[in-house]
Amino acid sequence: MVLSCASETQPSTSGPAQSPHSKVSDQWTYIEVDSAKAMWGEFAEPEWLRYFGLAAGDLNGDGNLDLVSGRNVYYNPGGNMTDHWTKLDLQQNVDANLIYQRQGKKQPYILGESLPDVVRFRVDDNFKIHEGEVVAQVPPTNHHNGQGYKTAHLLPGNGDKEIIYASQGGLYVMDPPAAKPWPVTLVGKDATDEGFGVADMDADGDLDLISGYRVPSQNAEVPTLVVWFENPGVLTPNWAMHPVGKTAFAADRVEAADLNGDGRPDVVVAEERYPGLAPDASLWVFLQTDTGFVRQNVVTQYSMNNLDIVDLDMDGDQDLLTAENKGPNLALQVWLNDGKADFTKQEIDRGKESYLGTQAFDLDGDGDLDIVSIGWDKHKFVHVWRNDAR
């Protein structure tokens with residue numbers, strides 16, 4: 001299969017620079033939520049496997065966002081969040097990765113993977129978390145569980161969001177209001193089981209899916225093609241695929257948002273490098289134009305298995321949040337957007353490994369965004385950086 005590539009501009013920046021843009025607060029407080037988190041392989045094969053899941057939501061009704069990761073729930077202590085985060089073991093070897101709220105329901109529930117099983121943990125009116133039950137099945141990956149998970153309103157008129165999991169074979173969509181077992185539809189055939197984005201790529205009023213793509217007959221472990229899958233407005237298999245462009249190395253995290261204010265979603269990709277001994281992974285932006293996508297290099301540094309797109313400095317445009325997963329610095333960074341998709345780095349912290357992390361949530365309800373991460377090489381840690389801008 002041959003798909004056209006994006007054209008390319010020169011890098012907007014290749015390292016630290018003085019920012020001409022609005023600055024994110026340099027007032028951050030690091031909070032160690034956990035330093036003894038277990039790994040999947042302590043309970044089941046394969047023995048090397050860690051957990052991939054990370055999500056935030058209010059699980060006890062106190063107005064603060066709690067965390068789930070792997071087989072654990074971490075209850076937010078409130079206030080300045082520096083008190084002890086109570087840790088609850090779900091008593092099942094499941095990789096919890098979503099906190100889902102159905103329309104009209106008082107309590108959310110927790111979703112996780114123990115593939116092929118998708119497991120739901122109900123939260124009752126007294127905030128007790130019940131034993132997990134299998135609600136759907138998707139194929140397991142080469143590393144057992146998938147690394148991409150989201151909820152989104154994909155179907156017009158459906159009050160509840162659909163659940164999307166990246167797994168072996170591509171992107172799978174589940175409809176949670178349906179009777180158990182939930183029907184599962186493979187909409188993004190041959191998409192990677194890594195991160196994916198959600199955006200209305202063609203301005204037709206519904207949300208499409210953007211991801212790395214495993215070209216048949218090519219190295220499945222190093223997918224370098226990025227595509228988007230066109231939502232037909234109904235839940236049918238094998239959505240039409242359109243090219244975005246190519247990366248140099250494995251496309252790991254993928255997100256999408258309008259970065260330059262032209263009303264069209266652009267695509268951001270963070271590359272993974274394994275074993276990651278050299279600083280040769282890139283953070284790419286693919287800017288959507290009338291004739292396709294223009295590729296722009298934001299930075300080349302150590303492997304980045306982390307990505308979020310958020311307005312972290314609250315200036316009205318979308319910034320890029322990432323962290324080095326390898327290398328001597330393990331730098332947590334925000335790449336500040338000037339509104340025209342030119343980015344400048346501001347470093348938030350160093351020395352704390354992130355993997356499938358750097359996710360932004362307002363954990364304490366003060367109106368600014370805090371940062372949450374988990375590790376891989378240092379899997380025992382769950383990190384929070386409290387934003388003290390307010």
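The values are calculated or read from the model by the stated rules, or taken from the named source; none is laboratory data. Quick caveat, the model's predicted, so the values are computed rather than measured. Note that each Cβ is placed from the backbone with ideal geometry, even for glycine, and that neighbours are counted across all protein chains shown. With ligands, DNA and RNA removed, areas are computed over all heavy atoms of the protein, side chains included. Shrake-Rupley method; radii C 1.70, N 1.55, O 1.52, S 1.80 Å.
So which of PHE196, PHE229 is more than 17 Å from the chain's Cα centre (by Cα), in contact (Cβ under 8 Å) with a residue 40 or more places away in the chain and open to solvent by less than 10 Å² (accessible area, probe 1.4 Å)?
Details: PHE196 fails: more than 17 Å from the chain's Cα centre (by Cα).
Going through PHE196, PHE229 in turn, just one is more than 17 Å from the chain's Cα centre (by Cα), in contact (Cβ under 8 Å) with a residue 40 or more places away in the chain and open to solvent by less than 10 Å² (accessible area, probe 1.4 Å): PHE229.
Mind checking which residues of region 199-213 are touching a residue at least 60 places away in the same chain (Cβ under 8 Å) and open to solvent by less than 30 Å² (accessible area, probe 1.4 Å)?
Filtering region 199-213 for residues touching a residue at least 60 places away in the same chain (Cβ under 8 Å) gives 199-201, 203, 211.
Answer for region 199-213, where residues must be touching a residue at least 60 places away in the same chain (Cβ under 8 Å) and open to solvent by less than 30 Å² (accessible area, probe 1.4 Å): ALA199, MET201, SER211.
Considering ALA281, ALA240, ALA256, ALA248, which residue is under 13 Å from GLY197 (Cα atoms) and touching a strand residue (DSSP E or B) at 6+ places or on another chain (Cβ under 9 Å)? Walk me through how you get there before you give the answer.
Numbers: ALA281 fails: under 13 Å from GLY197 (Cα atoms); ALA240 fails: under 13 Å from GLY197 (Cα atoms); ALA248 fails: under 13 Å from GLY197 (Cα atoms).
Residue meeting the stated conditions: ALA256.
GLU131 fails exactly one of the following numbered conditions: (1) assigned to a loop (DSSP other than H, G, I, E, B); (2) closer than 17 Å to ASP58 by Cα; (3) modelled with pLDDT of 95 or more. What is the number of that condition?
(2)
Could you tell me whether ALA17 is modelled with pLDDT of 95 or more, over 15 Å from LYS378 (Cα atoms) and assigned to a loop (DSSP other than H, G, I, E, B)? Full working, then the answer.
Details: modelled with pLDDT of 95 or more: no; over 15 Å from LYS378 (Cα atoms): yes; assigned to a loop (DSSP other than H, G, I, E, B): yes.
Taking the combined requirement at face value, the residue does not satisfy it.
Does PRO216 qualify as being open to solvent by 10 Å² or more (accessible area, probe 1.4 Å) and part of a loop (DSSP other than H, G, I, E, B)? Can you show your working first?
Details: open to solvent by 10 Å² or more (accessible area, probe 1.4 Å): yes; part of a loop (DSSP other than H, G, I, E, B): yes.
Yes: the conditions hold for PRO216.
Considering only residues that are in contact (Cβ under 8 Å) with a residue 40 or more places away in the chain and out of contact with any strand residue (DSSP E or B) (no Cβ under 9 Å at 6 or more places or on another chain), which ones fall in region 323-341?
Across region 323-341, the qualifying residues are GLY339, LYS340.
Which count do you get for residues in region 65-98 that are farther than 23 Å from PHE43 by Cα, open to solvent by 10 Å² or more (accessible area, probe 1.4 Å) and touching a Pro at 6+ places or on another chain (Cβ under 8 Å)?
So the count comes out to 2.
Within the bounds of region 323-338, is there any residue that is among the β-branched types (Val, Ile, Thr), on the phi < 0 side of the Ramachandran plot and open to solvent by 20 Å² or more (accessible area, probe 1.4 Å)?
As a first pass, look at region 323-338 and keep what is among the β-branched types (Val, Ile, Thr): 334.
Filter once more, so that each one left must be on the phi < 0 side of the Ramachandran plot: 334.
Checking the rest, the ones that are also open to solvent by 20 Å² or more (accessible area, probe 1.4 Å) come to none.
No, region 323-338 contains no residue that is among the β-branched types (Val, Ile, Thr), on the phi < 0 side of the Ramachandran plot and open to solvent by 20 Å² or more (accessible area, probe 1.4 Å).
For VAL285, which of the numbered conditions (1) farther than 23 Å from LEU209 by Cβ; (2) buried (at least 23 other Cβ atoms within 10 Å of the Cβ); (3) out of contact with any Ser or Thr (no Cβ under 6 Å at 6 or more places or on another chain) fails to hold?
Result: VAL285 fails condition (1) only.
Out of GLY367, GLY351, GLY316, I need the residue that is without any contact (Cβ under 8 Å) to a residue 24 or more places away in the chain and closer than 19 Å to ASN64 by Cα. Which one? Reasoning before the result, please.
Numbers: GLY351 fails: closer than 19 Å to ASN64 by Cα; GLY316 fails: closer than 19 Å to ASN64 by Cα.
Checking each option against the conditions leaves just GLY367.
Answer yes or no: is there a residue in region 159-167 that is open to solvent by 10 Å² or more (accessible area, probe 1.4 Å) and free of Cβ contacts under 8 Å to residues at least 40 places away in the same chain.
No, there is no match, as no residue in region 159-167 is open to solvent by 10 Å² or more (accessible area, probe 1.4 Å) and free of Cβ contacts under 8 Å to residues at least 40 places away in the same chain.
Could you say whether any residue in region 91-107 is more than 18 Å from the chain's Cα centre (by Cα) and among the aromatic types (Phe, Trp, Tyr)?
No, that holds for no residue.
I want to confirm something. Restricting to region 168-180 and keeping residues that are open to solvent by 10 Å² or more (accessible area, probe 1.4 Å) and at pLDDT below 95, which single residue is nearest to the chain's Cα centre (by Cα)?
Here is the first cut: in region 168-180, the ones open to solvent by 10 Å² or more (accessible area, probe 1.4 Å) are 168-169, 172, 175, 177-180.
Keeping just the survivors that are at pLDDT below 95 gives 175, 177-180.
Working: ASP175: 20, PRO177: 24, ALA178: 25, ALA179: 28, LYS180: 27 Å.
Looking at residues that are open to solvent by 10 Å² or more (accessible area, probe 1.4 Å) and at pLDDT below 95, I get ASP175.
Quick check: anything in region 356-365 under 20 Å from SER282 (Cβ atoms) and of a type outside the set (Gly, Ala, Ser)?
Of all residues in region 356-365, those under 20 Å from SER282 (Cβ atoms) come to 356-358.
Pick out the ones that are also of a type outside the set (Gly, Ala, Ser) and you get 356, 358.
Yes, region 356-365 contains at least one residue that is under 20 Å from SER282 (Cβ atoms) and of a type outside the set (Gly, Ala, Ser).
Can you work out which of the residues in region 341-390 that are small (Gly, Ala, Ser) and open to solvent by 50 Å² or more (accessible area, probe 1.4 Å) is farthest from ASP319 (Cα to Cα)? Before you say what the answer is, go through the steps one by one.
Start the filter on region 341-390 by keeping residues that are small (Gly, Ala, Ser), which leaves 341, 351, 354, 357, 360, 365, 367, 373, 375, 389.
Subsequent filtering for residues that are open to solvent by 50 Å² or more (accessible area, probe 1.4 Å) retains 365, 389.
Values: GLY365: 20, ALA389: 16 Å.
The residue in question is GLY365.
Out of (1) closer than 30 Å to GLU45 by Cβ; (2) touching a residue at least 60 places away in the same chain (Cβ under 8 Å); (3) open to solvent by less than 10 Å² (accessible area, probe 1.4 Å), what's the single condition that is false for ALA56?
Here ALA56 clears every test but (3).
Identify, by number, the condition in (1) closer than 28 Å to GLY367 by Cα; (2) under 20 Å from the mean Cα position of the chain (by Cα) that GLY263 doesn't meet.
Of (1) closer than 28 Å to GLY367 by Cα; (2) under 20 Å from the mean Cα position of the chain (by Cα), only one is false for GLY263: (2).
Among strands (runs of 3 or more DSSP E) lying entirely in region 23-128, which contain 2 or more residues that are modelled with pLDDT of 95 or more and farther than 21 Å from ARG386 by Cα? Before you say what the answer is, go through the steps one by one.
Values: elements: 28-34, 55-57, 66-69, 72-75, 86-89, 95-100, 109-114, 117-122.
Qualifying strands (runs of 3 or more DSSP E): 86-89, 95-100, 109-114, 117-122.
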